[in-house]
Amino acid sequence: MRRAARALALLVGGVVALDRALPPDLSRAQEVSAEVTDRDGATLSVFPVAGGVWRLRTTIEDVPPAFVAMLLAREDARFRWHPGVDPLALARATAQAVVHGRVVSGGSTITMQVVRLLEPRPRTLLSKAVEIVRAVQLEARFTKDEILGLWLTLAPFGGNLEGVRAASLALFGRPPMGLDPAELALLVALPQRPSALRPDRFPERAAAARDRVLEIAEAAGALSPRAAAGARARPVEAGRHAMPRLAWHLAAREAGGRRVATTLEAPLQAALERLGAETAATLDERANLAVVVLRNADRTIAAHLGAVPGEARAGTLDLTRAVRSPGSAFKPFLYALAFDAGAVRPETRIADLPRRFDGYAPENFDRGFAGDVTAAEALRLSLNLPAVAVAETFGPLAFVAALGRAGAPPRLPPADAGPGLPVALGGFGTTLLEATALAAALADDGSVATPVWRAGETAVRQPFLSRAAAGAARAILAGSTPPPGMPPQPHPPRIAWKTGTSWGHRDAWALGVSATHTVGVWVGRPDGTPLPGRTGRETAAPLMLRMFALLPDPGSLPEAPPLPSAPALARLGPTSADRLRLIFPPDGAALAAGGVVTLRAAGGQRPLTWLVDGAPIASVRHRRDTAWRPPGPGFYRITVVDAEGAAAVAELRVRSP
């Protein structure tokens, strides 16, 4: 008895020592495609392993129970009970081979198939013996579900497809959980002869193999007769779909990992990429665009478009990180900081008249001047001279320092000795990611955070603006006029936004906030050359508003709390700005008939009313100019009246042509 026990102990010890000395080679199962998923686990992008093979890690949780039931019915009915080797199956296969003189059915279990997938060998008796030993080793190391996971990851499906998830995405364009019984049965059948059963080349063979799986599954009770009949009636429809490649610029940064979860939303990301491609088709062939969508609550990225693909467009670059000039897009931050400092209030009056600031003479985008305006009007209309006046009062160095503390340090030209007044008009470099993060501060409490996109990471907020200053800027921008072709906002408004166009039309920007999301858009040429005729209002803003339309309705914007009372300047700039004046036509002018005359005023309190010979003519209330076509030759009296009743008058003569 003791000798027998000793002999058994020696045998077991020898087996354990041999197992440790020659463990199974699991390297193929460990070399899987890098994969990036959205916040719900949906696949955004995948990357092939060496040799261009698509091999996605797959577990039993990634496939429907019906697939596992059909697989076991077809391949290994006693899988849950045997130790890796099924003696009954081996005996049956041996007997059939002796009777028929050839292999009629295999005796390999799923575990033995996994061994072959891990360590391919020639099909010989010695190889079969090794498979048996290795199968026992795998059973000792892994649970049954883990062994199934190895099969689901490594099973061949033809060409460069390995594993059920890779095959499902490539053949059907959907993950296994979205497949019907006919498609699942086809995936069970294909690994037997993947090349000979390719559904795109041999649909009849593929259908016959699929139907055989359905027949076996029905007989085993893995599929109801009705479901099996319905599946058999389906034609084989499988082609080759492109593997997922959403959010490629972010995904490429994670390609060294295995399965990386992000905060993105796959449906929203797909919609953004379609919208970006549609917009890019309307641009110059060398132009591109970038979009960032943030959730305000946690400052995570919900969607990200680094660029639209295209060699001429430099589509491989992540343009959300490119340093570009923001133009007027940063004016809201300047005004809000000035509100916080008590230097300016929304009602502070500012003279938008020609003025020099120590040799710097800014002009508005339309080369005109609006006269006397409030700070709120100046921000909403994006007037340049008032913004420079605010920067002079608040301090350009203080503005730059505040942006730097908020995580968006302005990149100033190398020759600059320090920040000057041009920073008020975007005379520096920034990135779309930084700009969108700052814009999100206007959405709620004024705090700012670097956006995150990896699941599990937390965006750390830090102070930037007070809640009141952020609310004041948000309320002002909620009154922005929609760009041409876009519908007006509902009341109360849902979105507050600001656009910007850099010098020379090199960059077009739009930054917008709703109660739930912040959207940032940049449009331009990646090489920094001008894009003539493209502005933030006409190019970037429509794309931003269309992106908001893809998001759930957030409801109205939050109410802005009142700014604390503090001493503030009642006026910035020369007091003579109050006087209403007619800039054109001058009194006594003589004009030729047959054309449109642009009447222009300066100063005064808007809205302005225009009259010709005492009769009002059409005009836009907030503008200081209007178009008028003289009905014919003669003398006319032009009058403009401001909101306080002040009037300016000029008489002109229209000559015969």
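What follows draws every value from the coordinates through simple rules; no lab data is involved. The structure presented is a predicted model; accordingly, all values stated were derived computationally and were not measured. When we count neighbours, we look across all protein chains shown, and the Cβ atoms used for this are built from the backbone with ideal geometry, even at glycine.
Using only the C-alpha atoms, the convex hull of the range 30-232 corresponds to 136 Å³ per residue.
Note on Ala208 and Ala455: with the Förster distance fixed at 60 Å, the Cβ-Cβ geometry gives a FRET efficiency of about 0.85.
A crude spin-label estimate for the pair Arg201 and Gln462, with each label 7 Å from Cα along the Cβ direction, gives 5.9 nm. If the chain linking Glu119 and Arg259 were pulled fully straight, counting 0.36 nm for each residue of separation and taking away their Cα-Cα distance, it would gain 48.0 nm. Here the ratio of the Cα radius of gyration of the range 579-655 to 2.2 N^0.38 Å is 1.01. Label point of Ser27 set 7 angstrom out along Cα-Cβ; within the range 125-139, no amide nitrogen lies under 16 Å from it.
Here the chain is treated with +1 on each Lys and Arg Cβ and -1 on each Asp and Glu Cβ, and its dipole about the Cα centre works out to around 1420 debye.
For the chain, the residue among Leu214, Ala560, Val130 whose Cα projects farthest onto the positive side of the dipole built from Cβ charges is Val130. Of His249, His304, the sequence from fewest to most neighbouring Cβ atoms within 10 angstrom is His249, His304. Given their separation in residues at 0.36 nm each and the Cα-Cα distance between them, Val133 and Arg78 gain 18.0 nm when the chain is fully extended.
Within the range 19-78, the GluC sites (Glu not before Pro) that combine a DSSP coil assignment with at most 16 other C-beta atoms in a 10 angstrom radius are Glu31. Our helix-only sum for the chain, with -39,500 (n - 2.57) per DSSP H run of n ≥ 4 divided by its residues, gives a mean residue ellipticity at 222 nm of -10000 deg cm²/dmol. Working from Cα pairs under 8 Å separated by at least six residues, relative contact order for the chain is 11 percent. Within the chain, the proportion of C-alpha pairs whose separation exceeds 40 Å stands at 50%. With a Förster radius of 25 Å applied to the beta-carbon distance between Arg226 and Glu61, the computed FRET efficiency rounds to 0.40.
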